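Asks: Here it is, the structure, as structure tokens.
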Amino acid sequence: MPSLKDLKNRIASVKATQKITKAMKMVAAAKLRRAQEAAEAARPYSQRMSIVLSNIAQAVGTDDSAPLLMTGTGRDKTHLLVVCTAERGLCGGFNSQIARFARDHIRKLLAEGKTVKIICVGKKGYDILRREFASLIIDRVDLREVKKIGFENADQIGKKIIGLFDKGEFDVCTLFYSEFKSVISQVPTALQLIPAAVPAAASTDTGSAAIYEYEPDAGEILSDLIPRNISVQVFRALLENVAGEMGAKMSAMDNATRNAGEMINKLTLSYNRQRQAQITKELIEIISGAEAL
């Protein structure tokens with residue numbers, strides 16, 4: 001049984017930890033608001049970009065002028081997976097959920113005889129995936145020094161992906177990230193970047209689609225628009241991840257603070273019981289000694 005001094009030191013240690021977790025929760029809550037606003041602001045632009053791509057892609061159809069970034073190489077042999085996670089931990093299962101989702105996809109591709117290459121964006125995803133797939137990781141993007149995620153960070157990743165595609169390094173590229181739903185809900189998501197996953201064009205209220213004339217031609221517009229769309233989708237994924245990370249960290253630190261409070265109560269109860277038992281024992285010894293005299 002620990003001594004009174006040991007219990008007292010442990011209570012003080014847990015209280016100090018509780019102060020840290022409470023402060024981290026408050027910091028995460030402050031950052032969450034800004035991150036959530038940024039993620040929600042990026043969604044309409046990303047969705048509108050997809051609609052524009054859909055309209056132009058319909059005009060091009062299967063024309064030879066369509067860029068390879070939209071049509072693909074025609075093969076499905078080599079897959080590039082861009083796995084986006086956080087740079088830091090203490091955010092519950094946020095990073096492990098994304099890594100597990102990507103890992104299941106990797107195993108499925110390998111079982112089908114595909115060649116898999118991985119780019120890790122974020123330290124935590126790299127640390128998890130390298131345990132099993134170290135030989136498949138071809139690059140790692142470190143954003144630890146970036147205070148605020150900007151489009152230039154996503155654009156660098158997008159250009160790196162396009163550069164690898166132009167060299168014939170892969171046939172299909174898929175982006176993995178966590179879509180922010182709420183503080184307690186972040187959904188691991190996979191989005192195909194190359195060939196461009198063009199959604200079906202939305203129908204109008206009258207049921208008739210508008211006819212557009214493009215200048216320059218639609219193929220040339222797509223050649224400029226699709227690389228930009230890749231960077232936009234990566235940017236949205238990074239913003240969604242930041243919001244999800246802060247939400248998960250806020251929830252995790254709240255749980256840690258409450259657990260620390262429960263532990264302090266239990267330790268305090270044990271301390272008081274042991275202290276009372278020791279006082280009672282000393283009183284009994286004093287009374288017994290007095291009676292012996």
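Asks: What does the helix-only formula give at 222 nm for the chain: each DSSP H stretch with n ≥ 4 adding -39500 (n - 2.57), the total divided by the residues, and the result rounded to the nearest 500 deg cm²/dmol? Please report the intermediate quantities before stating the final value.
Replies: Details: 6 runs with 181 residues, N = 293.
Theoretical 222 nm ellipticity from helices: -22500 deg cm²/dmol.
Asks: How far, in degrees from 0 to 90, does helix 218-292 lean away from the longest principal axis of the Cα atoms of the chain, to the nearest 10?
Replies: Its long axis makes an angle of about 10 degrees.
Asks: Considering only DSSP beta bridges whose two residues both sit in the chain, what percent are antiparallel, to the nearest 5? Could you put the intermediate results ahead of the total?
Replies: Details: 9 of 25 bridges.
Percentage antiparallel, nearest 5: 35.
Asks: Still on this model: Tell me, what ³J(HN,Hα) does each residue in segment 36-50 have, in order and in whole Hz, if you take phi through Karplus 6.51 cos²θ - 1.76 cosθ + 1.60 with θ = phi - 60° and put x for Gly and Pro?
Replies: 5, 5, 5, 5, 5, 6, 7, 5, x, 5, 4, 5, 5, 4, 5
Asks: Taking R0 as 30 Å, what FRET efficiency do you get between SER182 and GLU262 from their Cβ-Cβ distance, rounded to the nearest 0.05? Let's see the in-between values first.
Replies: Numbers: r = 25 Å, r/R0 = 0.84.
According to the calculation, E is roughly 0.75.
Asks: Here is a follow-up. Taking the Cα centre of segment 105-149 as origin, work out the dipole magnitude from +1 charges on Lys and Arg Cβ and -1 charges on Asp and Glu Cβ, in debye rounded to 20. Write down the numbers at each step before the final one.
Replies: On the way: 12 positive and 6 negative charges, 33 e Å.
Charge dipole of segment 105-149: 160 debye, to the nearest 20.
Asks: In nm, what is the difference between 0.36 nm times the number of residues separating GLN47 and GLU112 and their Cα-Cα distance? Intermediate results must be reported in sequence, preceding the final value.
Replies: Values: separation 65, 0.36 × 65 = 23.40 nm, distance 3.22 nm.
Full extension from GLN47 to GLU112 adds 20.2 nm.
Asks: Determine one quarter of the surface area of the Cα convex hull of segment 94-142, which equals its mean projected area, and express it in nm² to one decimal. Spell out each step's value before the answer.
Replies: Numbers: hull surface 12.3 nm².
Result: a mean projected hull area of 3.1 nm².
Asks: Quick one: length gained pulling ASP76 to ALA23 fully straight, 0.36 nm per residue minus the C-alpha distance? Each step should come with its number before you reach the end.
Replies: Details: separation 53, 0.36 × 53 = 19.08 nm, distance 4.88 nm.
Value of the extension gain: 14.2 nm.
Asks: Label points 7 Å out from Cα along the Cβ direction at ARG131 and SER3: separation in nm?
Replies: Taking the simple label geometry, ARG131 and SER3 are separated by 3.9 nm.
Asks: Quick one: order HIS105, HIS79 from most to least accessible surface, probe 1.4 Å. Spell out each step's value before the answer.
Replies: Values: HIS105 60, HIS79 15 Å².
Result of the area sort, largest leading: HIS105, HIS79.
Asks: May I ask you to evaluate 6.51 cos²θ - 1.76 cosθ + 1.60, the Karplus curve with θ = phi - 60°, for each residue of segment 142-148 and list the ³J(HN,Hα) values in order in whole Hz, giving x for glycine and proline?
Replies: 9, 10, 5, 7, 7, 6, 9
Asks: Using a simple charge model, +1 on the beta-carbon of Lys and Arg, -1 on the beta-carbon of Asp and Glu, nothing else, what dipole does the chain show about its Cα centre, in debye to the nearest 20? Mind dumping the intermediate values first?
Replies: Numbers: 41 positive and 33 negative charges, 410 e Å.
Here the chain has a charge dipole of around 1980 debye.
Asks: Just to verify a number: what accessible area does MET24 come out at with the full protein assembly present, 1.4 Å probe, Å² rounded to tens?
Replies: Approximately 50 Å² for this residue.
Asks: Something else about it: Test of understanding: what is the full-extension gain from GLN192 to ALA277, defined as 0.36 nm times their sequence separation minus their Cα-Cα distance?
Replies: Numbers: separation 85, 0.36 × 85 = 30.60 nm, distance 6.67 nm.
Contour length minus Cα-Cα distance gives 23.9 nm.
Asks: Another question, if that's okay. Between the helical axis of 94-111 and the dominant principal axis of the chain, each derived from Cα atoms, what acute angle in degrees is found, rounded to the nearest 10?
Replies: Tilt of helix 94-111: around 50 degrees.
The values are calculated or read from the model by the stated rules, or taken from the named source; none is laboratory data. Owing to the predicted nature of the structure, the values given are computational and were not obtained by experimental measurement. For neighbour counting, all protein chains shown are included, and Cβ atoms are generated from backbone atoms with ideal geometry for every residue, glycine included. Note: areas computed on protein heavy atoms with side chains; ligands, DNA, RNA excluded. Shrake-Rupley method; radii C 1.70, N 1.55, O 1.52, S 1.80 Å.
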